[in-house]
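K.L.:
Take a look at the following structure, please.
The values are calculated or read from the model by the stated rules, or taken from the named source; none is laboratory data. In this text, all values refer to a predicted model and were calculated from it rather than measured experimentally. Positions of Cβ are generated from backbone atoms using ideal geometry, with glycine treated the same way; all protein chains shown enter the neighbour counts.
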Amino acid sequence: MEGPSAGWGKWSQPGVPHKGWTCVGFEDLGQPELVCDMCERQEIRYVHYMEHPDYAGTLSCGCICAGHMEEDLVSARRRETRAQSAAQRRTRWLGRKGWRRSAKGNIHIGVDGYHITVFRGGCGYKAVISKPASGFKHFGKRAFPTEPAAQLASFDALEFLKGRDEGDSH
C-alpha cells in the first residue's frame, strides 16, 4: 500500500499532520539518493519539499507521499513528470540542433523566445540568457571550467525561467 494507509514512518506517528501540507520546492537529485521523510521507506530521486503550519521544518518527500500530504496527487505527479521530461531534454541539450558559433567564437542558440550565449569570461565559461521580446537579460554569476558545463547550466537556468514565466513556482 502507498501513502497514509500504509502506516509507515511519520504516517503512523501521533502529532504529525497527514493533510494540509504545501509543496514549497522541488528538486531532481539526478539519481535516487534520499529516503522519503514521511514514509521513511521509499528511495527518491525527485524531492517534493513539504511544509505544514503545524509542523516544524520541511520534509523531503516522494511523489506519492507528497500527493497525499497536499491532497493533490495529480499536482505531485505533474511536478515529477515535468522533471522527468526536463531530465530527458537535458541529456540532449549539448547535441541540440541550433547551436552555432559566432564570429567572436561564442556558442549560442535561440530557444522558445530566449537567446542563450556561452562565452569565455574570467576563469572559465559563463552564460547570458536574454529574451529579446521583453528586453530581459540575465548574466550568470558562476563560471564553469568547460564550455559544455556552462551550456548545461544554461539549460537549468532556462528551465527555471520558463517555469517562472508559466507561473510555476516549483
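K.L.:
Could you check the range 104-129 and list, in sequence order, the residues that are in a strand (DSSP E or B), over 23 Å from the mean Cα position of the chain (by Cα) and of a type in the set (Gly, Ala, Ser)?
P.N.:
none
K.L.:
Using the structure shown, decide if PRO17 is touching a His at 6+ places or on another chain (Cβ under 8 Å) and in a loop (DSSP other than H, G, I, E, B).
P.N.:
When the stated conditions are applied, PRO17 passes them.
K.L.:
Can you list residue pairs whose Cβ atoms sit under 8 Å apart, with the first residue in the range 60-81 being of a type in the set (Asp, Glu) and the second being assigned to a helix (DSSP H, G or I)? Count only pairs 6 or more apart in sequence or on different chains.
P.N.:
From the range 60-81, the pairs are GLU70/ALA76; GLU80/CYS63.
K.L.:
Within the set of pairs 6+ apart or on separate chains, which have a first residue in the range 12-32 that is closer than 12 Å to ALA76 by Cα, a second that is modelled with pLDDT under 90 and part of a loop (DSSP other than H, G, I, E, B), and C-beta atoms under 8 Å apart?
P.N.:
Within 8 Å, the pairs are CYS23/HIS170; GLY25/HIS170; PHE26/HIS170.
K.L.:
Is there any pair with a first residue in the range 121-149 that is at positive phi and a second that is part of a strand (DSSP E or B) and not small (Gly, Ala, Ser) whose Cβ atoms are under 7 Å apart and which are 6 or more apart or on different chains, and what are they?
P.N.:
Short answer, once both residue conditions are applied: GLY124/PHE144.
K.L.:
Look at the range 93-103 and say how many of its residues are more than 18 Å from LEU161 (Cβ to Cβ) and assigned to a loop (DSSP other than H, G, I, E, B).
P.N.:
6
K.L.:
State yes or no: is ARG77 within 30 Å of TRP8 (Cα to Cα) and surrounded by 15 or more Cβ atoms within 10 Å (Cβ to Cβ)?
P.N.:
So ARG77 does not fit the description; no.
K.L.:
Then there's this: Could you identify the single residue in GLY67, GLY163 that is under 30 Å from THR22 (Cα atoms), surrounded by fewer than 18 Cβ atoms within 10 Å (Cβ to Cβ), in contact with a His (Cβ under 9 Å, 6 or more places away or on another chain) and not basic (Lys, Arg)? Break it down stepwise before answering.
P.N.:
Working: GLY67 fails: surrounded by fewer than 18 Cβ atoms within 10 Å (Cβ to Cβ).
Just a single option satisfies the conditions, and that option is GLY163.
K.L.:
While we're here: Can you tell me which condition LYS162 does not meet? The list is (1) farther than 30 Å from TRP11 by Cα; (2) assigned to a strand (DSSP E or B), and all the others hold.
P.N.:
Condition not satisfied by LYS162: (2).
K.L.:
For the range 39-74, what are the residues that are within 16 Å of VAL24 (Cβ to Cβ), in contact with a Leu (Cβ under 9 Å, 6 or more places away or on another chain) and not in a strand (DSSP E or B)?
P.N.:
GLY62, CYS63, CYS65, ALA66, GLY67, MET69
K.L.:
In the range 54-70, is there at least one residue being of a type outside the set (A, V, I, L, M, F, W, C), modelled with pLDDT under 95, under 18 Å from the mean Cα position of the chain (by Cα) and in the same structural domain as LEU34 (by TED's automatic domain parsing)?
P.N.:
Checking the range 54-70: not a single residue is of a type outside the set (A, V, I, L, M, F, W, C), modelled with pLDDT under 95, under 18 Å from the mean Cα position of the chain (by Cα) and in the same structural domain as LEU34 (by TED's automatic domain parsing).
K.L.:
Among (1) in the same structural domain as GLY7 (by TED's automatic domain parsing); (2) crowded, with 18+ Cβ neighbours inside 10 Å, there is one condition VAL118 misses while meeting the rest; what is its number?
P.N.:
Against the list (1) in the same structural domain as GLY7 (by TED's automatic domain parsing); (2) crowded, with 18+ Cβ neighbours inside 10 Å, VAL118 comes up short only on (1).
K.L.:
Would you pick out the residues in the range 130-161 that are within 19 Å of the chain's Cα centre (by Cα), over 15 Å from ARG101 (Cα atoms) and polar (S, T, N, Q)?
P.N.:
SER154
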